[in-house]
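A.B. asks: Got a structure for you, written out below as structure tokens; questions coming shortly.
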Amino acid sequence: MTNYKEIGLVNTRAMFAKAVDGGYAIPAFNFNNMEQLQAIIMAAVETKSPVILQVSKGARNYANQTLLRYMAEGAVEYAKELGCKHPEIVLHLDHGDSFELCKNCIETGFSSVMIDGSALPYDENVALTRKVVEFAHQYDVTVEGELGVLAGVEDEVSAAESHYTKPEEVIDFVTKTGVDSLAISIGTSHGAYKFTPEQCTVDPKTGRLLPPPLAFDVLKAIEEKLPGFPIVLHGSSSVPQEDVDIINANGGALKQAVGIPEEQLRQASKSAVCKINIDSDSRLAMTAAIRKTLAEKPAEFDPRKYLGPARDRMKDLYKHKITDVLGSDGKLLQL
Ligand code: G3H
Ligand code: 13P
Ligand code: ZN
């Protein structure tokens, strides 16, 4: 058993309390490789932001859970080496789908877990989430639950249709399960194709697709039921058009990719939403930089020469999200 506190990680409790009070959100970035992790840590240190490192099922399959957990331990030391005296880094299991997986992560150093029972019947979601919370809280590990279903075309996290969270269920769910935060569905979804063209309108100036707004009325109703309770938004990539254009101009074929406009994420960050999950935007930034470098320098074959620019582009993206969208810059408990 390795408790996360032994390796310098923190859980989400204090940072969420401060974020809800302060009207900003903590970034939760997925990581699968060293370049992403370096970019996340450099961005968090340079902006003095707390940060959540997320490990998905796809990441565990690709990079190995044990290796990722040791990389997170290394990230704490790396942040200190970069000059951050008191880093606030959470290692979080993203979309945990069983009690056994959550238990295993808790026993091997994760400081936070998500148990995603959102596809289960309500009572089964409550029972599974309650079981994970009872185990996790013995070790002071925080737990995120989910109510409502996000639509999406991710490899591992998919549902054909979304169902908004029902505000009338949230008090019962939070009370019965004891969760520390609640992921909700208000119109976001996973991946780079969040809306079909039929769901969008066309911007007459640019000809680009404009997505429908998030259901802020549902968010408001949830906040009224659970004042001050930490709310989580998954599927919150904005799918920057610039990255999509670079990818397509350099041999890619991303058609009509649409994300959540940053203005809406800014608005959500000021509410009880205190954790915002971003993965696809990092994938796009990395792919854009790699495609561009290889197109411009076809003779290049040293991976550092194209992964380096990819890392730089992801770092810029993470800093932009922290500073210009979520507002978590300068919000470490001890600067
Ligand atoms: O929530 C979904 C994340 O974007 C992770 O997806 O399992 O393909 O890594 P993944
Ligand atoms: P995006 O696909 O919008 O980046 O969402 C990521 C996510 O919710 C991870 O849990
Ligand atoms: Zn998610």
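Values in this text are rule-based calculations from the coordinates and carry no lab data. Predicted model, so just to flag it, every value in this text is computed and none were measured. No Cβ is skipped: glycine too gets one built from the backbone with ideal geometry, and neighbour counts run over all protein chains shown.
A.B. asks: Take segment 4-326, drop everything but the C-alpha atoms, weight them equally and run the Debye formula without solvent; then report log10 I(q)/I(0) at 0.10, 0.14 Å⁻¹ to two decimals.
C.D. replies: The computed values of log10 I(q)/I(0) come out as -0.55, -1.10.
A.B. asks: Continuing with this model, one more query. In what order do 62, 164, 318 fall by count of nearby beta-carbon atoms within 10 Å, going from fewest to most?
C.D. replies: Details: 62 11, 164 20, 318 27.
Ascending number of Cβ neighbours within 10 Å: 62, 164, 318.
A.B. asks: Can you pull the three principal axis extents for the Cα set of segment 1-134, in Å, largest first?
C.D. replies: Cα spread of segment 1-134 along its principal axes, largest to smallest: 47, 36, 24 Å.
A.B. asks: So, one more: Would you mind telling me which residue in 31, 99, 301 has the biggest mean-square fluctuation in a Gaussian network model of the chain, where springs connect alpha carbons within a distance under 10 angstrom?
C.D. replies: In the Gaussian network model the winner is 301.
A.B. asks: With N denoting the number of residues in segment 22-96, provide Rg(C-alpha) divided by 2.2 N^0.38 Å, to two decimal places. Numbers along the way, then the final one.
C.D. replies: Working: Rg = 12.0 Å, N = 75, 2.2 N^0.38 = 11.3 Å.
Cα-based Rg divided by the globular estimate yields 1.06.
A.B. asks: For the chain, set up a GNM with springs between Cα atoms under 10 Å and report which of 37, 265, 226 has the largest fluctuation.
C.D. replies: Highest fluctuation among the options: 226.
A.B. asks: Here is a further query. When only alpha-carbon atoms count, how far does segment 271-335 stretch along each of its three principal axes, as whole angstroms with the largest first?
C.D. replies: Projected onto the principal axes, the Cα atoms of segment 271-335 cover 49, 24, 15 Å.
A.B. asks: Still on this structure, please answer the following. So which GluC sites (Glu not before Pro) in segment 32-89 end up in coil per DSSP with only 15 or fewer other C-beta atoms within 10 Å? Don't skip to the end; give the middle numbers.
C.D. replies: Values: sites: 35, 46, 73, 77, 81, 88; in loops: 88.
Nothing satisfies the criteria.
A.B. asks: Ignoring trypsin sites (Lys or Arg not before Pro) that are buried or in helix or strand per DSSP, and keeping those with at most 11 other beta carbon atoms within 10 Å, what is the longest stretch of the chain between them?
C.D. replies: On the way: sites that count: 85, 205, 255.
Counting at most 11 other Cβ atoms within 10 Å as exposed, the longest clean stretch of the chain is 86-204.
A.B. asks: Further question on the same structure: I'd like the Kirkwood hydrodynamic radius of segment 76-228, using the inverse of the mean 1/r over distinct C-alpha pairs, in Å. Mind dumping the intermediate values first?
C.D. replies: Values: mean 1/r = 0.0575 Å⁻¹.
With all distinct Cα pairs of segment 76-228 included, I get 17.4 Å.
A.B. asks: Against the empirical 2.2 N^0.38 Å scaling, what ratio does the C-alpha Rg of segment 79-159 come to? Could the numbers behind the result be given before it?
C.D. replies: Numbers: Rg = 14.7 Å, N = 81, 2.2 N^0.38 = 11.7 Å.
Normalised Rg, Cα atoms only: 1.26.
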